[in-house]
C-alpha cells in the first residue's frame, strides 16, 4: 500500500510536502517576529497606577455609605460567592495572603478571592481528573495502591499548587528588584541633589526605570501615588517595604523615614546605600563564579569524560581486538 492511497484525490505527496514546508516557514517567521517585537511595559503599569490613584482618592473623599455601596457593587461573582459561602477567607490568614500576593505582583482586590477559590477547587478538579484517568480511561495499568497514591498526589498538587506558583513568582520578582535597585538608588541620589522632594524623586525614578526595570518602576510609581494621597507619609514608605519583602528596600525605607524625622541629608545616605548594594551584588556574582567548578564536576563526569575515553581508548581497543583475532587465527 502506498502513501498516495491515504491522500484525497488531486493531492500528491509533493504538494503535501510543499504545504507543510510553507506552514513551517510561516510558523518560524511568526516566532521570530514575536521574539523581535519590542513590548512597552509602561502602558499597563500606568493604567494600574491610575486605578490605584483613583481608589486612594475615592477612599479619602468618599463617605462611608458610598464606600460600602461601591464595595457591594464590586463583590459580585461566582468566586466571591463561593469564598463567602464556605468562609474560605479568614481574617488573619487573608492579611498574610494579601501580602504574599502583593509580593508576587498580584495586587488587585479580587486576587485574594481568586487565590482562595483556586486552593479550594483545584484539589477536587485534580482528584477527579486522576480518578477519571486511573479508573475510567485506564490509561496505565497499576495496582490499587499506586492508583491511590497517584490520586492523593494529584489532590496534594491541586492544594499546594497555588502556593508554589505564588512563591515562584515572588522569588522571580524579588530577583528582578535586586537587579535594578542600585541604578534606582543612583537616580534617587541625582534627584535629591537636584533639589527634588521625595514624591517627585519617586515619580521621576519610576519614569526613568520604566523600560530598564519595570518591577522597580512599578513599586516606585505606586509609592509616589501613595505619598501623594495617604495622610501618613510614613505608612506609604512602610507599604513599599511590605509589598516587596526585601531587606535592601527595608534599609532604604528606614533611611527615608529617618530623613523625614530628623532632617538628615538624603543624598549622602542614599549614596552610601548604593555603594553597599553594588558591593553586595558583586559579592553574589563572585560567589556564583566560585561555585561553578563544583557545579560543573558532575556534568563533566557524565557527558565529557565518556566521550574522551571513547576517543582516546577506542582505537587502542580495536587494535587489541585485531591483534587477538590474528593470534587466534
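Structure notes:
- Residue in region 143-151 that is under 28 Å from residue 77 (Cα atoms), part of a helix (DSSP H, G or I) and in contact (Cβ under 8 Å) with a residue 24 or more places away in the chain present: no
- Just one of the listed residues (227, 270) is modelled with pLDDT under 85, more than 19 Å from residue 172 (Cα to Cα) and buried (at least 19 other Cβ atoms within 10 Å of the Cβ), and it is 270.
- Evaluated against (1) in the same structural domain as residue 127 (by TED's automatic domain parsing); (2) buried (at least 16 other Cβ atoms within 10 Å of the Cβ), residue 165 falls short on exactly one condition, (2).
- Of the residues making up region 244-256, those that are surrounded by fewer than 21 Cβ atoms within 10 Å (Cβ to Cβ) and farther than 15 Å from residue 198 by Cα number 6.
- Residue within region 257-265 that is closer than 27 Å to residue 119 by Cβ and either surrounded by 14 or more Cβ atoms within 10 Å (Cβ to Cβ) or touching a helix residue (DSSP H, G or I) at 6+ places or on another chain (Cβ under 8 Å) (or both) present: no
- Subset of region 77-104 that is closer than 28 Å to residue 240 by Cα and outside any helix (DSSP H, G or I) - its residue that is modelled with the lowest pLDDT: 90
- 2 or more residues in contact (Cβ under 8 Å) with a residue 60 or more places away in the chain and over 26 Å from residue 280 (Cα atoms): qualifying helices (runs of 4 or more DSSP H) within region 200-270: 214-229
The values are calculated or read from the model by the stated rules, or taken from the named source; none is laboratory data. Here the structure is a predicted model, which is why all the values come from computation and not from measurement. All Cβ positions, glycine included, derive from the backbone under ideal geometry; neighbour counts span all protein chains shown.
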